[in-house]
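Below is one structure; the comments refer to it alone.
The values are calculated or read from the model by the stated rules, or taken from the named source; none is laboratory data. In this text, all values refer to a predicted model and were calculated from it rather than measured experimentally. Don't worry about glycine lacking a Cβ; one is built from the backbone with ideal geometry, like all the others, and counts go over all protein chains shown. Note: areas computed on protein heavy atoms with side chains; ligands, DNA, RNA excluded. Shrake-Rupley method; radii C 1.70, N 1.55, O 1.52, S 1.80 Å.
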Amino acid sequence: MRDFDYIAPKTVEETIKVLSEYKDDAKIIAGGQSLLNILKQDLMAPEILVDIKNLSELDYITYDDKDGMKIGATTTHHAVETSPLVLEHYPILAEMEHTLAFPQTRNWGTIGGNLCIQDPTGDVAPILIALKATVKIVGPNGERTLPMEDFSVDYYETVLEEDEILAEIQIPAVAPKTGIAYSKFRIVEGDAPIVGAAVAFTLNEDGTCADARIATNGTAPIPLRIPDAEAVFKGKKITDALIEEAVEIAGEAMECIPDIVASDEYKKRVAKVYVKRMAKKALSQIQ
Amino acid sequence: MKKILNFTLNGDPYEVAVKPKTTLIELIRDEIGLTGPKVGCNAGACGACTVLVDGKAVDSCSVLALQVEGHHVETVEGLADGEKLHPLQEAFLDDGGYQCGFCTPGMLMAAKSLLNENPDPSIHEIRHGLSGNLCRCTGYVRIIDSIHDAAQRMKKEGGES
Amino acid sequence: MSEFSVIGKPIRRIDGVEKVTGAAQYTTDIKLPGMLVGKMLRSPHPHAKILNIDTHAAEKLPGVKAVITGPRDTLGVKYSNWRRYPHLMDETALAMDRVRYIGEPVAAVAAIDNDVAEEALSLIEVEYEILPAVFDPLEAMKDGAPKIHEGPTVRNNVSEARHFEFGNVDEAFKTCDYVREDTFYLHSVVHAFIEPYNSVARYEGDGHLTLWTTTQTPYYIQTLLAMALGLKEGNIRIIKPHVGGGFGGKMELFSDQVVASILSMKTGKPVKVELTREECFEGGRRRHPMYYTLKTGYMKDGRIIAKEAKLYTDGGAYNAMGPTSLYLSGFFQMFPYNIPNYRYDGFHVYTNKIPATAMRGFGGPQAEFTCDSQIDMIAEHLGMDPAEIRLKNRMEPGHVIPGLAKVESCGIKECIERAMESTGWKEKKGKLPKGRGIGMGCYGFMSGGVFNWINSPYAYSGAMVRVNVDGTVNVYIGSAEIGQGSDTVAAQIVAEKLGVPMSDINVIRGDTHTCPPDLGAWGSRQTLMVGNALIMACDQVLEKLYKTAAALMGPNVVYDYAAKDGRIFIKERPERGLDFVEVVKAAIRADEGNQIIGRGYYTPHDKGMVSPAYSFGAQVAEVEVDEETGKVTLLQVTTAHDCGQVINELGVEGQLEGAFVMGQGYTLSENLVTDQGKILNPSFVDYKLMRAPDVPENFTSLMVETYEPEGPFGAKEAGEGLTNPNAGCIANAIYDAIGVRITDMPITPEKILKALDEKKKKRQKDKRNE
Ligand SMILES: Cc1cc2nc3c(=O)[nH]c(=O)nc-3n(C[C@H](O)[C@H](O)[C@H](O)COP(=O)(O)OP(=O)(O)OC[C@H]3O[C@@H](n4cnc5c(N)ncnc54)[C@H](O)[C@@H]3O)c2cc1C
């Protein structure tokens, strides 16, 4: 690892100031779970690390019925996993966090860091997309808010400018008669996912589909929301046949990348199985 | 340029000067000289370097030393109370929870973290609580049993006192 | 057996407290005053000539204390464990004029810290002329393939061919009702011990050197290092602190050991060379990939009459322990069955990849995967129960393999029967719901190899036992505790023999200056060989003590005495005896203060070509296969293992479980992937080891106790043999679950889906044709 300077700003404002000053010579470190591995391999050589890990201003989980949940970017995975508010209002989020990486990674790594590293297999983004989350970004010119699915740009690349930080994740309250499911495929437990799928359905009083969300990981350079597959359900009663139809459409949208673990065809096939399973599971969760 | 860092290690306050790029494991092993936590992969994948920060397990190879400013760090060296071994240590001894011993300091600290949070874990919870720690010798079975046994011992001890 | 005091009893290991408190010291924990950091520069090419190495810039870098290269700073001696067969010695510490795999060490530096050392490496300029490379053994054997070594005995890159044969195979095939031939492919995996390779060398001056290192074979390191450095063996002191796992990957002399030594000799300072995890992959060792063909002839009633095995192994760039893996794979192919006619041909082929070597099972895992898979195919063809066909063809105690082995104790029958009974085999086999299945694998393994590649004039194991005046006992052994619990077993054997408590035994080991020579930890040899040496040493001690007791007590002759529970007494009249310490004191006084020392050794006599004794076992696994993803989950695993007399039950169980989980990874997830010789997954993030949530929740170890006349107290091997049946056992269970057979390892979910697709296609085609 190359040498670098280090600063731990006390506030968000100060953080932005430092970033604006150093521009691309600076790199943010949150939990460092991903970043340190990159630095150790000398894949990057920042002049200064800007440490936001201990920035208490960004470490919070709040909820109210009107605005839903707000999670500060430096909240650890572990805090999300065990938060009574999360467990009460978005149990699927806690369930996902419980299987993300290892206890050690979750205890120190942050939810913001997970989104910012933009690993295409990341567990967090698909669920946030299914939950219709938005992200708040802070920069020298103030704040901007984006839907989660617009945050990622490419492999390991997000919309963040070099002087911006991800500050907050906002999740609206879940509509009544909504079911959400997420699961991922991996060969070894505790390992990063090969592919995964999140599905959310909201039903009308008459049992037809008011809203559907489908998002997958490991199936494209970015977390993939698949509106064409979602559209299959709108206004209709969800049946196995419709699910099959949506799964095929979802498959069309995927551009899996082969690697040493699995071929692209295999990944796509399994991702489709997971879309199907999660659709059925989400549906079964609606009372 | 070195920076000053204040933290506690196994209950003792430390003030040290470290280079920013020093990781917590390098601080503990190379600068302070404790050798319990081990380096197995230096990538956050094997857990041999597991220590507790404020009671929670972290991979000390994947934490910058400067980030523990103001925090409490515990290593395996802080587990026993003087001569009196921690119930986890007793259980590892009685139930064969180690072989070569290289992963053991990290295993014990991962287990301690788990029990701090969940004093009465099921076997399933123990298995998942150890997902970040590789052991190539035991096949994990004895380790899982040891931790389960330790939880029972601690319950008993807690009940008696 | 209840007459024992410590043998077979649940007792804590003697290295326990230091290991659970973090006090146990490994090589990596050693820090000496003034110690320098050594690092190696590795080849980026799979095959290239070295035209020039320019070290000037590196030498000038402040903080650099030495830079060494093969031609300039080493003797260039080719070494390996094959001292007895010099034509197989093909490796040097640093490349001399050519590199043969990506990761081969080319130069090294010693510097004041890691950063400086790394920078220095980046300043070394190596000029290469790239040569054509070859990565597959079948390609490498073709005429015109790149020549990896020039030696006079190497033909078409085959460095060693093995052949053995008995009976009349060709005639026997003609008499068989059926003959079938199947081919298999086995992939490569790595040892993945958690402690990386590392060494600390301190040159003491005047030809004396101390090396602390993580090794399974301190004595090999001592002799080979002497060879590589041109020093006297006896002036080199190898200290083996605690070792963080080996599994066959630490039984040879490695570059880090030689390089640390040379750098220390050059600088006069202690030097530590520590490999990163990535280097352990790229500059380490691995298990052999093999192309395996089995031709087997059998009768309608299930009797196997003849077998022919042929294999080509991808040995990598150097022999390492490959020739023995090759030999043993052909040998264990027969186990645990009675094959009356057998022919084996194996070829060890060089490729431009990291060398493959011994790894837990030593050729056995590959052999048993093919053997167990094929036996199930035969059973299916005949409509027989796979357990029944195994019982029918099993070895019996006293089995002789002509010219190769004599098997004394053999509990395979009991193992199969107990595994069946414990798992409800009869109720489950072929009857589980779709997607679930049960399978069996069987094995036999050596308890110590009768191999002396190193050409040591010393015994295979040596031991020394000294009784102190207060009755405590010092035990000196040269064997290598690497986590398997052998030091504890040694202490138990001495405690039992002398009748003293475990707490009074001090085991002194892992230091070639103070301990007797020993061939080290490989081939599951330590319990049997060191155990026998210790028994001999204890008997010498006891003879002296019994004489003293006899003199003190009266007329009984020496052999009428026994030692137990801190007393020495007349065997037939246990109430008549003396306190152990009292006899010890008297014995020392009576001999003018001369210490009581017993010395023992073990060298196998007349035990065939492989081992003095064989362990056996049967394993049953129950799996669930997700037919939409191909993922295999292990629900339940039962192993019945015959290790003779159990000395330490907790130890045996731990070994069995560990061996199984290693085999589970071998079968389902681990795979060292290379492309043009470059390892694509050199990290624990990308190389997939099994983790705690993956191991079967239901794991049963059954001990089948036999008595092995050659073993100490009747004991045999435990822990290596069980690595062998896992892959076949799991493959057979998968077949039972979903009717597809994977013969190409590892068994990935993707291969399972592909096979299911093919099966479906075939079924549809068959239907159309009807
Ligand atoms: C062994 C291992 C296993 C893993 N397994 C999984 C898994 O199963 N599933 C999964 O989803 N992930 C997995 N990960 C990734 C892990 O979840 C993330 O690495 C972690 O959550 C990142 O958080 P961090 O705080 O450590 O980020 P850091 O490593 O500190 O930062 C990551 C990147 O984000 C930037 N960054 C961080 N925070 C902000 C911010 N607020 N604003 C702007 N930029 C920021 C940093 O500059 C850096 O580029 C794994 C990682 C490891 C090392």
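The table for this structure:
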{"item": "Buried accessible area, chains B and A (both chains, 1.4 Å probe, Å² to nearest 100)", "result": "2300 Å²"}
{"item": "Dipole magnitude of chain C, debye to nearest 20 (Cβ charges: Lys/Arg +1, Asp/Glu -1, about Cα centre)", "result": "620 debye"}
{"item": "Averaged over A:51-63, number of beta-carbon atoms from partner chains that fall within 10 Å", "result": "1"}
{"item": "Where A:284, C:261 fall by accessible area, highest first, once all protein chains stay in place (1.4 Å)", "result": "A:284, C:261"}
{"item": "Peptide-level mean, for C:649-658, of C-beta atoms on other protein chains within 10 Å", "result": "5"}
{"item": "Relative contact order of the stretch C:1-140, defined on C-alpha pairs under 8 angstrom at six or more residues apart (%)", "result": "35 percent"}
{"item": "Helical contribution to [θ] at 222 nm, DSSP H n ≥ 4, -39,500 (n - 2.57), averaged over chain C, rounded to 500", "result": "-9000 deg cm²/dmol"}
{"item": "Exceeding the 25 Å Cα-Cα cut-off - candidates A:136/B:112; C:174/C:406; B:84/C:272; A:132/A:236", "result": "A:136/B:112; C:174/C:406; B:84/C:272"}
{"item": "At least 40 Å² of accessible area lost relative to the chain alone, listed for the stretch A:2-29 with a 1.4 Å probe", "result": "A:3, A:4, A:6"}
{"item": "Area of residue C:735 that stays accessible when all protein chains are in place (1.4 Å probe, Å², to 10)", "result": "60 Å²"}
{"item": "Set of aspartates and glutamates with alpha-carbon distance to residue C:497 below 16 Å, sequence-local pairs under 8 removed", "result": "C:3, C:487, C:539, C:543, C:560, C:565, C:579"}
{"item": "Percent carbon-and-sulfur accessible area, chain C, ignoring ligands, DNA and RNA, probe 1.4 Å", "result": "49 percent"}
{"item": "10 °C / 1.306 mPa s Stokes-Einstein diffusion coefficient of the stretch C:497-539, Kirkwood radius on C-alpha pairs, µm²/s", "result": "133 µm²/s"}
{"item": "Residue pairs, from the table C:429/C:759; C:49/C:353; A:267/C:761; C:147/C:754; A:40/C:678; B:56/C:39, whose Cα atoms sit over 27 Å apart", "result": "C:147/C:754; B:56/C:39"}
{"item": "Cross-link reach list, aspartates and glutamates versus residue C:431, counting only Cα pairs under 17 Å and skipping chain neighbours closer than eight places", "result": "C:376, C:380, C:385, C:388, C:421, C:622, C:624, C:736"}
{"item": "Relative contact order, percent, the stretch B:3-78 [alpha-carbon distance under 8 Å, six or more residues apart]", "result": "39 percent"}
{"item": "Neighbour net charge for residue B:61 - beta-carbon separation under 15 angstrom, K R +1, D E -1", "result": "-2"}
{"item": "Phi-based couplings in Hz for the stretch C:332-339 (Karplus 6.51, -1.76, 1.60; Gly and Pro marked x)", "result": "6, 4, 7, 7, x, 10, 9, 9"}
{"item": "Of A:40, A:17, A:268, the one that fluctuates the most in a GNM where chain A has Cα springs shorter than 10 Å", "result": "A:40"}
{"item": "Assigned charges on the beta-carbon of Lys, Arg, Asp, Glu; the protein assembly as shown dipole about Cα centre (debye)", "result": "2980 debye"}
{"item": "Carbon + sulfur, % of accessible area of chain B - ligands and nucleic acids excluded, 1.4 Å", "result": "49 percent"}
{"item": "Shape call, the stretch C:1-96: gyration tensor on alpha carbons, a/c limit 1.5", "result": "oblate"}
{"item": "Within chain A, helix-based [θ] at 222 nm, where runs of 4 or more DSSP H residues each add -39,500 (n - 2.57), nearest 500", "result": "-9500 deg cm²/dmol"}
{"item": "Cα gyration tensor shape for chain C, rounded if a/c is under 1.5, else prolate or oblate", "result": "oblate"}
{"item": "Solvent accessible area, Å² - residue B:7, 1.4 Å probe, full protein context", "result": "10 Å²"}
{"item": "Largest-first ordering by accessible area, 1.4 Å probe, given options C:723, C:512", "result": "C:512, C:723"}
{"item": "Percentage relative contact order, chain C, counting C-alpha pairs under 8 Å, at least six apart", "result": "15 percent"}
{"item": "Around residue C:520: net Lys/Arg minus Asp/Glu count, Cβ-Cβ under 10 Å", "result": "+2"}
{"item": "Per residue solvent-accessible surface (Å²) - chain B, probe of 1.4 Å", "result": "33 Å²"}
{"item": "Residue B:4 - accessible surface, heavy atoms, 1.4 Å probe, Å² rounded to 10", "result": "100 Å²"}
{"item": "Ranked order, C:599, A:144 - accessible area, probe 1.4 Å, largest first", "result": "C:599, A:144"}
{"item": "Where chain C is the region considered: accessible area per residue in Å², 1.4 Å probe", "result": "34 Å²"}
{"item": "Total accessible area lost when B and C pair, probe 1.4 Å, Å² to nearest 100", "result": "4000 Å²"}
